[in-house]
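A quick write-up on the structure given underneath.
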Amino acid sequence: MSKSIGFYCPHCGIRMHVSSRKKPSPLLHELIVSCRNDQCLASFAASLEMVRPIQNSINPDPAIVTGLPLHKRQWEVELEHHLASIETQLEINEAQKVYIEGFISALFHSSTIDLTRATIYRQRLKQIKLL
Ligand SMILES: [Zn+2]
């Protein structure tokens, strides 16, 4: 049931086994790794994240965006969520617009999104009428 993994126990140096795993996203696996040395028995939570492609899939899933750390992708997901929710309103107030503009700028300046994506988000924002 449990599998050996290329992690070694920091206490005794024995190869550790995966005793539990969760998959919060397709790119992130959270594992519980356990030492099988009966004179040690340490266990740890560990994260395995696929952070960038070495070779792209020849049949990529468009929903999988690699190349950015997970926390940065989550900020972009949040921006997308805010933008989508105000796009369903016909008009927004100045404060909402300023807030989203600030969000886009913050993501751009932290290199979470590139200029192309920032421009696309700003154009979407521009199309929403102010109250
Ligand atoms: Zn150990």
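The values are calculated or read from the model by the stated rules, or taken from the named source; none is laboratory data. Source: prediction; values computed, not measured. Methodologically, a virtual Cβ is constructed for each residue, glycine included, from the backbone with ideal geometry; neighbour enumeration extends over all protein chains shown. These accessible areas exclude ligands, DNA and RNA; they are computed on the full protein's heavy atoms, side chains included. Shrake-Rupley method; radii C 1.70, N 1.55, O 1.52, S 1.80 Å.
Things worth noting here:
- Cβ-derived FRET efficiency at R0 35 Å, VAL77 paired with PHE44, nearest 0.05: 0.80
- Residues GLN55 and ARG122, FRET efficiency given R0 of 41 Å [Cβ-Cβ distance, rounded to 0.05]: 0.75
- 1.4 Å probe accessible area per residue over the stretch 70-130, in Å²: 65
- Taking the helices alone, the chain has a mean residue ellipticity at 222 nm of -11500 deg cm²/dmol, built from -39,500 (n - 2.57) per DSSP H run of at least 4 residues and averaged over all its residues.
- For the stretch 70-130, alpha-carbon Rg relative to the globular expectation (2.2 N^0.38 Å, N residues): 1.06
- Taking only protein heavy atoms and a 1.4 Å probe, the accessible area of the chain is 57% carbon and sulfur.
- Mean separation of Cα contacts under 8 Å, 6 or more apart, over the residue count of the chain: relative contact order %: 15
- Per-selection Kirkwood Rh - the chain (Cα, Å, 1 d.p.): 18.1
- Share, in percent, of DSSP beta bridges within the chain that are antiparallel, nearest 5: 90
- Acute angle (nearest 10 degrees) that the helix 70-87 long axis makes with the longest principal axis of the chain, alpha-carbon atoms: 30
- With Cα atoms, 0 to 90° folded angle of helix 94-109 axis to the chain main axis: 50
- Multiplying each eigenvalue of the alpha-carbon gyration tensor of the stretch 3-49 by 5 and taking the square root yields semi-axes of 21, 9, 8 Å, largest first, rounded to whole angstroms.
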